[in-house]
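**Student:** Okay, here's the structure, questions in a sec.
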2 protein chains.
Amino acid sequence: MTEPNPNVHGLVLAGGSGMRFWPLSREMSPKQLLTIFGSESLIRQAIARLEVRVPPSGIHLVSNERLAEELRNHLLGSEKEYGEIRYVVEPVGRNTLPAIALAAALIARDDPEAVVVVLPSDHVVEQDGRWEETLDAAIDLAADGFLVTIGLKPTRPETGFGYIEAGEAVEGKGERARHIARFVEKPDLARATEFCESGKYLWNSGMFAFRADVILAEVEKHTPEIAAVVNELAAMPMAEWLTEREMKRFGALEALSIDVGVMEKSDKGAVVCAELDWHDVGSLTALAELGVPDCDGNVTRGNTVTVDSHNSIVWGDRRVVAALGMEGTVIIDTHDATLVCPKDRCQDVRKVVEVLKERGSEEAITHRTMRRPWGSWTVIEEGQGFKIKMIEVKQGARLSSQEHQHRSEHWVILSGTARIERGDEEITLHPGESTYIPASTVHRLENTGKIPLRLIEVQNGEYLEEDDIIRLADEYEREKKPWA
Amino acid sequence: MTEPNPNVHGLVLAGGSGMRFWPLSREMSPKQLLTIFGSESLIRQAIARLEVRVPPSGIHLVSNERLAEELRNHLLGSEKEYGEIRYVVEPVGRNTLPAIALAAALIARDDPEAVVVVLPSDHVVEQDGRWEETLDAAIDLAADGFLVTIGLKPTRPETGFGYIEAGEAVEGKGERARHIARFVEKPDLARATEFCESGKYLWNSGMFAFRADVILAEVEKHTPEIAAVVNELAAMPMAEWLTEREMKRFGALEALSIDVGVMEKSDKGAVVCAELDWHDVGSLTALAELGVPDCDGNVTRGNTVTVDSHNSIVWGDRRVVAALGMEGTVIIDTHDATLVCPKDRCQDVRKVVEVLKERGSEEAITHRTMRRPWGSWTVIEEGQGFKIKMIEVKQGARLSSQEHQHRSEHWVILSGTARIERGDEEITLHPGESTYIPASTVHRLENTGKIPLRLIEVQNGEYLEEDDIIRLADEYEREKKPWA
């Protein structure tokens, strides 16, 4: 079955809060937006895994209102643009069942035959042919009315995952398609070891496939109150989901995972047994699992020095990070924040983020580099009355026509070619050249060259926040919400 | 004796390598230049301790050739300028005895009656009246021909210091002036405890006072080969000390400390018993000794978060530094480098610096902020073909008239008032205004205002190193060496 099934839709669960990967992640740059494993971000990797069978226009990202804009910036702001991806905004985060049911209801409205493949956005899967085979098997079973979980053959007695006991083979679907004997919650080490050795147990990967109408019928059967709300919402324009009334109604639903709320209760369950080079990026220790340790057992990145240190993660960027005499320690260094903790405390990183949030620290919320559909900007210095940004505009991109009430801007070109509208003038600048944009002057910046345009912007003024911007025209229609 | 003795000279040992305080210190910014304890750098604190009895023109700093320029930049570059300080350059570092003997010979040449007070540059001493009393007692004894060590009443059984057993009182000099019974090398804890309790032992502080002719006679007596070389050098212009021949001769001298080489052997020794709030800033753990611990025993500075962490030093600057679940750990964060080590490994920090030096890392050598006589500059970003600096010019200061062959410069004023010569033009710029200096254009920058001038400089060009500068005129006569 390599013939694409036009009824297959993709759903990526992309609403994670980004606290457990701090300081690599931030509230507005959760781990799914990070490019730490492989050459693409985790969300782009998840989309790519769906794209082998689903066109981008059939892929839906489920997230929340604030994050949807960041996801769009991220998916437009690199060379490969995902302009057709759909955005589904949970009114309020209520775990996976309400979110998946809502997206399924939305998809079913337009395509009653829809088969939905659900992927988390924090997995790393080696892209060999085994993935496509697994996906095809799951889609095939789902099309026949099963609620399919992708089950992974365990490679270690992991106590952090739930397990599935595989039952009889599903008739006519080969050895790897099995009925589900039972779901098992996270076991202790003894049971996990037993499961591993038995050959009958699989890791519950959190990847699912089912017909939209089948999952909705099962949601109706097991959690009718959730079914009622999502069916009503699916009939409304998405903007209405974010009204106080609907947010309150959705927020009152029980926060249930799809596993607990439906999969474990349904008699339609099936599992596809898969052998994949698969990783769940759960906490910062994943950096060690996915990295290559040196002879002291340290996994390092960037400009690091380790002396008499062992079994540690030393994760730097451009700055020097030195570990002397450290054992089993995680050191994560970013542009504006550094974390040091023992490996076995990584699950508590959110405690640090909570302290920062209480203080109102921007370092809990954003990175200094912000993606935009046209490229990105990075704050490299700021102080009383000034802010300095490095701006990168991708080939052919053009920022909105805009003006600022409170700040003037000096631009010095570092590389590439800039076409600039400034009031009634139009000028072209090359590296080493500069211009000045006084406050209240309409201006527009475009990269007309063949390489990325990079420039330094020095802002002066009494008020230098991002919201001092009046957009007069914008190619990316940013006045429209991503889901509109 | 508060009447100043015009024959008293000061000598500050300022040649430290700066490795043990990395990353706070660098080879070219050793700890004596750091402002980490109190509001002034350690070297300025040492100078201030001498200044209560010695005018700046009578104070000599002993260091090495490269560091002397940095010391001058440091001592000129703040509001209080020390323009009259003398610089003594060791041809080669050979521990304290050759250096002190050389400086004493130089001082004796101009002032045969000279009394020399020697201070290390890494002490912190509470400036109450007790210091002046101690200094006066030491000068008084020294003037009478004694080799005086300032001995400190121990406050704990410290095993890291040498001790002095105080003998009989020196006749006519009061209870605190004692003959020296003996010097004792660093003791074990049992002996240190005994010493502490006995009331007869003092810490050897490394602070000395003696007549120049007396110390030179004792050097002649105990280490005649050192005396021969320093006497010859003292008769030459200092520039000749740095010829290959003299460096080789000096470098062949035995590397002896003044304690071991002379003080312990001489029968002219005396000790002034002092009770001071005194700290030796030996390693990074001094940050804890001198700081105020929170209720978890952590000493923190800057933008730090500690969660479930104890007895640690978390030393940040502007960036966030978070310690989660750490015990007894030192975390030092600077603009361009971070160090993490257990407290009891601080003495091995030089191992990290050695690795960096092998790699040719600039982070071992310099800070991103460089002091100049007129102020300072900081590299805030650099990349292919560009470098961005924040430049700060103190009130009334003027940079050299200069030009660059390979780079153009854009200047954007952030605060203060800049008078700029650019080719034949002369312009005055205010905050938010900018100018452009093309390559090969003579230019000069001056702060004519009443507050510090701060500006952003964006350099463009193929070669952006500091040595692309032709100085045409310079108020600070930087073509002249500090010691010339």
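**Student:** Take each uninterrupted DSSP H stretch in chain A, measure its Cα extent along the helix axis, and return the ones at 18 Å or beyond whose mean Kyte-Doolittle hydropathy is at least -0.5.
**Tutor:** Details: long enough: A:96-110 (22 Å, 1.39); A:129-143 (21 Å, -0.08).
Correct list, ordered by number: A:96-110, A:129-143.
**Student:** Where does the range B:341-412 land on Rg/Rh, using Cα atoms and the Kirkwood Rh?
**Tutor:** In the range B:341-412, Rg relative to Rh is 1.11.
**Student:** Looking only at the range B:421-463, which residues have a backbone nitrogen under 13 Å from a spot 7 Å from the Cα of residue A:427 in the C-beta direction?
**Tutor:** What the label zone holds, given the 13 Å backbone N cut-off, is B:434-436.
**Student:** May I pose another question? From the label point of residue A:442, set 7 Å along Cα to the beta carbon, how far off in nm is each other copy's matching point, shortest first?
**Tutor:** Between copies, matching label points for residue A:442 lie 4.7 nm apart.
**Student:** Compute the FRET efficiency between residue B:255 and residue B:109 as 1/(1 + (r/R0)^6), taking r as their Cβ-Cβ distance and R0 = 30 Å, and round to the nearest 0.05.
**Tutor:** 0.75
**Student:** Taking the Cα atoms of the range A:345-476, report the difference between the largest and smallest coordinate on each principal axis, in whole Å and largest first.
**Tutor:** The Cα atoms of the range A:345-476 stretch 55, 33, 28 Å along their principal axes.
**Student:** For chain A, what percent of Cα pairs sit more than 27 Å apart?
**Tutor:** Looking at chain A, the distances longer than 27 Å represent 61 percent of pairs.
**Student:** In addition: Label-to-label distances across copies for residue B:220, with labels 7 Å out along Cα→Cβ, in nm, shortest first?
**Tutor:** Copy-to-copy label distances at residue B:220, shortest first: 11.2 nm.
**Student:** Follow-up question, since we're still on this one. Suppose R0 equals 60 Å; then what is the FRET efficiency for residue B:78 and residue A:190 from their Cβ-Cβ distance, rounded to the nearest 0.05?
**Tutor:** Working: r = 67 Å, r/R0 = 1.12.
For residue B:78 and residue A:190, the calculated efficiency is 0.35.
**Student:** For the residue pair residue A:384 and residue B:198, what label-to-label distance in nm results when each label sits 7 Å from Cα along the Cα-to-beta-carbon direction?
**Tutor:** Output for this residue pair reads 5.7 nm.
**Student:** Taking neighbour Cβ counts within 10 Å as the exposure measure, how do B:59, A:36 sort from fewest upward? Intermediate results must be reported in sequence, preceding the final value.
**Tutor:** Working: B:59 21, A:36 18.
Listing B:59, A:36 from fewest to most nearby Cβ atoms yields A:36, B:59.
**Student:** Let me ask something else about it. Report the local net charge at residue B:319: Lys and Arg +1, Asp and Glu -1, summed over other residues whose C-beta lies under 11 Å from its C-beta.
**Tutor:** Around residue B:319, the surrounding residues sum to -3.
**Student:** So if I place +1 on the C-beta of Lys and Arg and -1 on the C-beta of Asp and Glu, and nothing else carries charge, what would the dipole magnitude of chain A be about its Cα centre? I want it in debye, nearest 20. Kindly include the intermediate steps, with their values, before the conclusion.
**Tutor:** Details: 55 positive and 81 negative charges, 64 e Å.
Charge dipole, chain A, about its Cα centre: 300 debye, nearest 20.
**Student:** In vacuum, with every alpha carbon of the protein assembly as shown counted as one equal point scatterer, what does the Debye formula give for log10 I(q)/I(0) at q = 0.07, 0.08, 0.10 Å⁻¹? Two decimals, please.
**Tutor:** At q = 0.07, 0.08, 0.10 Å⁻¹ the computed log10 ratios are -0.75, -0.91, -1.19.
**Student:** Sorted from shortest, what are the nm distances separating the label point of residue A:171 from equivalent points in the other copies, each placed 7 Å from Cα along Cα to C-beta?
**Tutor:** So the distances to the same position in the other copies read 12.2 nm.
**Student:** Calculated from DSSP H runs of 4 or more alone, at -39500 (n - 2.57) each and per residue, what is the 222 nm mean residue ellipticity of chain A, nearest 500? Can you show the working numbers first?
**Tutor:** On the way: 11 runs with 111 residues, N = 484.
The helix contribution divided over chain A gives -7000 deg cm²/dmol.
**Student:** Further question on the same structure: So if I place +1 on the C-beta of Lys and Arg and -1 on the C-beta of Asp and Glu, and nothing else carries charge, what would the dipole magnitude of the range B:8-280 be about its Cα centre? I want it in debye, nearest 20.
**Tutor:** It comes to approximately 460 debye.
**Student:** Let me ask another. Dipole of the range A:113-185 (Lys/Arg Cβ +1, Asp/Glu Cβ -1, origin at the Cα centre): which of A:160, A:141, A:120 lies farthest to the positive side?
**Tutor:** Final value for the positive-end residue is A:160.
**Student:** Based on other C-beta atoms within 10 Å, arrange B:435, A:155 from fewest to most. Intermediate results must be reported in sequence, preceding the final value.
**Tutor:** Numbers: B:435 19, A:155 12.
Arranged by neighbour count, lowest to highest, B:435, A:155 become A:155, B:435.
**Student:** If I take every Cα pair under 8 Å that is 6 or more residues apart in the range A:31-137, average their sequence separation and divide by the length, what percent do I get for the relative contact order? Before the final figure, lay out each step's value.
**Tutor:** On the way: 89 pairs, mean separation 33.9, N = 107.
The value is 32 percent.
**Student:** Using only Cα atoms, figure out Rg for the range B:286-358 and give it as a multiple of 2.2 N^0.38 Å.
**Tutor:** 1.09
**Student:** How far is it, in nm, from the label point at residue A:311 to the one at residue A:277 when both lie 7 Å from their Cα along the line to the Cβ?
**Tutor:** Going by the 7 Å Cα→Cβ label model, 2.6 nm.
**Student:** Relative contact order for the range A:286-358 using alpha-carbon pairs under 8 Å, separation at least 6, rounded to a whole percent? Intermediate values should be presented prior to the final figure.
**Tutor:** Values: 126 pairs, mean separation 14.6, N = 73.
Contact order relative to length: 20 percent.
**Student:** Hey, another quick one. Pairs of Cα atoms under 8 Å, at least six residues apart: use those to get the relative contact order of the range B:369-473, whole percent.
**Tutor:** The normalised contact order for the range B:369-473 reaches 36 percent.
**Student:** Right, here's the next one. Give me the dipole magnitude in Debye, nearest 20, for the range B:286-358 about the Cα centre, with unit charges on the beta carbon: positive for Lys and Arg, negative for Asp and Glu. Don't skip to the end; give the middle numbers.
**Tutor:** Numbers: 8 positive and 12 negative charges, 40 e Å.
Rounded to the nearest 20 debye, it is 200 debye.
**Student:** Just want the ordering: B:469, A:226, from fewest to most Cβ atoms lying within 10 Å of their own Cβ. Could you put the intermediate results ahead of the total?
**Tutor:** On the way: B:469 12, A:226 22.
Least to most surrounded, the residues fall as B:469, A:226.
**Student:** Can you work out the FRET efficiency for the pair residue B:240 and residue B:369, with r the C-beta to C-beta distance and R0 = 45 Å, to the nearest 0.05?
**Tutor:** 0.85
**Student:** Then there is this: What pairs in A:394/B:389; A:343/B:389; B:357/B:480 have C-alpha atoms more than 31 Å from each other? Walk me through the numbers on the way to the answer.
**Tutor:** On the way: A:394/B:389 26 Å; A:343/B:389 38 Å; B:357/B:480 29 Å.
Among A:394/B:389; A:343/B:389; B:357/B:480, the Cα-Cα distance tops 31 Å for A:343/B:389.
Each value in this text was obtained by applying a stated rule to the coordinates, not by laboratory testing. It should be emphasised that the depicted structure is a prediction, and the values quoted were computed from it without experimental measurement. Neighbour counts run over all protein chains shown; Cβ positions are idealised from the backbone, glycine included.
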